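A quick write-up on the structure given underneath.
The values are calculated or read from the model by the stated rules, or taken from the named source; none is laboratory data. All of these numbers come straight from a predicted model, not from anything done at the bench. Ideal geometry is used to build each Cβ from the backbone, glycine not excepted, and the neighbour counts take in all protein chains shown.
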Amino acid sequence: MKEWTFSKFQSLLKSLKIQLPSFEMPKLIIRSKTAEVPIIQGGMGVGISLSSLSSAVAGNGGVGVIAANGIGMIDPNYFKDGRAANIRSFRKEIREARRKTSGVIGVNIMVALEDFQELLQTAIEERVDMVFLGAGLPIKNLPVTQMREADVQIIPIVSSSRAATLIFSMWKKLYGDVPDAVVVEGPKAGGHLGFKEEELDGEAFSLETVIPQVVSSLKVFEKEFNRSIPVIAAGGIFTGDDIYQVMKLGASGVQMGTRFAATDECDADIRFKEAIVACNREDIGIIKSPVGMPGRAIINNFLTDRTIKKYEFNCPWQCLAGCHRDEANYCISLALNNARKGNLKHGFVFVGSNAYRVNSIVPVKELMSELKEEYMASLFADKKKFVTDVAEIISSLKDEYKTAEIRFGELKGSYMKALTHATDNLSEPINRLKKEMDKVNEKLLEIKGTITDKVHEAYGILQYNLS
């Protein structure tokens, strides 16, 4: 029996001249917004994910995300007024992304930012599709009514079922509403992590453990508010197979950062991207950030030196509420901005745990295509017996269909020729040809119907049944 893979199955369907459904990844529907591909590009701050990257991801069917924290550092007047530069740059990048694509554009705003409220207000005014809220619990003093009026979807980022339940319960109490989705970020993510360092390797905190817990805990809110609340998995997602496996656990989509940092469209300098491609597994480590949280980064001389001696810096303004600048050995915003510009002697790169597996810088379109192909290959491999049975039936019917199609063509040619030279003596042969043509055409329609039914059956099972 033939070994049927996704690519072979697709080739089989393409060889048939029949209108058939296309096998794709499931769409990601978050309330009123729909992404054709269930992939959210993670918001990477201090200028890594701006309008170029976000619009490329959105233009290829995913959710592109502009990160708000430190965004004003791309503005030459940041050191004169960092707060104003942030708002100015944020608004500019949102509008530029909108100009480039009609796809789904979101923004990531850290709750811990000093200008959180101003940035959130800007996002509402610009009517972004989604706002991802992390680095703190987004509960109090939120303009929920305004966000609803602007049709802005609200998505908190959490690390545990407990945090998700707390946010949703408090929203229900304070606003009579709940967020539209939730991102669950696991311990393999890059950048600042919502875990203690000793928790990072614990099975209890892994996505495999936490995703089903969050999915289960949100069911009561889904029932009460009569709407679906998608759970998005983040942290360590690297391949299409990773996407498939975590979606089998109940996730409706994934968020990926590092893979998109190593793309042509990423807004960072080429040297930033090359650092990701060049890193080895042992180069990736956990640092203690000046803001008091653990973070995952590529360990370089800058970080090694900073643990020993203090790096003199002028803090432009208190951008993060929890930053102890007087005690810090360096300013993390300045360091990350230097890295963005390719100056890694005075900065460093935040990455996820699988960054060492990145071996080239590619266009976003190529990366998205690769992830989709890998996802479908994993889905087909997982449903191997079912796919094989369907493929064998279609394959056998294909030969019968082709034979009937050829015979129909021959009969049609003979029939048209006979009509051209029609006489009274030929009326009976013409009628016989017409009857045989009709019979063969009925056979064609019958085979076509069986093939179509089988493909639709396969489509229904493969697209919507991941269990």
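Does Phe195 satisfy the criteria of being under 29 Å from Ile74 (Cα atoms) and either among the hydrophobic types (A, V, I, L, M, F, W, C) or in a helix (DSSP H, G or I) (or both)?
No.
Looking only at residues that are crowded, with 20+ Cβ neighbours inside 10 Å and part of a helix (DSSP H, G or I) in segment 168-182, which one is nearest to the chain's Cα centre (by Cα)?
Phe168
State the number of residues belonging to segment 197-243 that are touching a Pro at 6+ places or on another chain (Cβ under 6 Å) and charged (D, E, K, R).
Going through segment 197-243 one residue at a time, the tally reaches 1.
Can you tell me how many residues in segment 291-310 are modelled with pLDDT under 85, part of a loop (DSSP other than H, G, I, E, B) and closer than 17 Å to His346 by Cβ?
Of the residues in segment 291-310, 4 are modelled with pLDDT under 85, part of a loop (DSSP other than H, G, I, E, B) and closer than 17 Å to His346 by Cβ.
Out of all the residues in segment 103-125, which are within 20 Å of the chain's Cα centre (by Cα) and either modelled with pLDDT of 95 or more or among the aromatic types (Phe, Trp, Tyr) (or both)?
Correct list: Gly103, Val104, Ile105, Gly106, Val107, Asn108, Ile109.
Of the residues Asn359, Asn338, only one is free of Cβ contacts under 8 Å to residues at least 12 places away in the same chain and either surrounded by fewer than 18 Cβ atoms within 10 Å (Cβ to Cβ) or assigned to a helix (DSSP H, G or I) (or both); which?
Asn338
Being touching a strand residue (DSSP E or B) at 6+ places or on another chain (Cβ under 9 Å) and surrounded by fewer than 17 Cβ atoms within 10 Å (Cβ to Cβ) is the filter here, so list the residues in segment 149-160 that pass it.
The one that is touching a strand residue (DSSP E or B) at 6+ places or on another chain (Cβ under 9 Å) and surrounded by fewer than 17 Cβ atoms within 10 Å (Cβ to Cβ): Asp151.
Scanning segment 125-147 for residues that are among the charged types (D, E, K, R) and buried (at least 16 other Cβ atoms within 10 Å of the Cβ), which turns out farthest from Lys33 (Cα to Cα)?
Glu126
Within segment 412-423, identify whether any single residue is closer than 30 Å to Thr5 by Cβ and either in the same structural domain as Lys454 (by TED's automatic domain parsing) or modelled with pLDDT of 75 or more (or both), and answer yes or no.
Within segment 412-423, none of the residues are closer than 30 Å to Thr5 by Cβ and either in the same structural domain as Lys454 (by TED's automatic domain parsing) or modelled with pLDDT of 75 or more (or both).
Taking Asp81 as meeting all but one of (1) more than 22 Å from Ile40 (Cβ to Cβ); (2) modelled with pLDDT of 95 or more; (3) charged (D, E, K, R), write down the number of the exception.
Of everything listed in (1) more than 22 Å from Ile40 (Cβ to Cβ); (2) modelled with pLDDT of 95 or more; (3) charged (D, E, K, R), Asp81 misses just condition (2).
Mind listing just one residue for me: the one in segment 126-141 that is at pLDDT 95 or above and touching a helix residue (DSSP H, G or I) at 6+ places or on another chain (Cβ under 7 Å) and, of those, nearest to Val231 (Cα to Cα)?
Checking each candidate, the answer is Val131.
May I ask you to list the residues in segment 119-143 that are part of a loop (DSSP other than H, G, I, E, B) and free of Cβ contacts under 8 Å to residues at least 24 places away in the same chain?
Residue satisfying the conditions is Pro143 alone.
I'm trying to understand the selection: among the residues of segment 39-83, which are surrounded by fewer than 24 Cβ atoms within 10 Å (Cβ to Cβ) and not polar (S, T, N, Q)?
Residues satisfying the conditions are Gly59, Gly61, Ile74, Asp75, Pro76, Tyr78, Phe79, Lys80, Asp81, Gly82, Arg83.
If we scan segment 248-263, do we find a residue that is farther than 23 Å from Ile94 by Cβ, in a loop (DSSP other than H, G, I, E, B) and either of a type in the set (Val, Ile, Thr) or without any contact (Cβ under 8 Å) to a residue 24 or more places away in the chain (or both)?
no
Where the second residue is part of a helix (DSSP H, G or I) and among the aliphatic types (A, V, I, L, M) and the first is more than 30 Å from Glu373 (Cβ to Cβ) and lies in segment 215-242, which pairs have Cβ atoms under 9 Å and are six or more apart or on separate chains?
So the pair list comes out as Ser217/Ala164; Leu218/Ala164.
If you check Lys92, Lys80, Lys33, which single one turns out to be basic (Lys, Arg) and closer than 30 Å to Phe380 by Cβ?
Matching residue, one of Lys92, Lys80, Lys33: Lys33.
Check Ala189 against each of (1) within 18 Å of the chain's Cα centre (by Cα); (2) assigned to a helix (DSSP H, G or I); (3) of a type outside the set (D, E, K, R); (4) surrounded by 20 or more Cβ atoms within 10 Å (Cβ to Cβ) and name the one condition it does not meet.
So Ala189 meets the others, but not (2).
Filter segment 372-398 down to the residues that are among the small types (Gly, Ala, Ser) and over 32 Å from the mean Cα position of the chain (by Cα), then identify the one that is nearest to Asp241 (Cα to Cα).
Taking the candidates together, the pick is Ser395.
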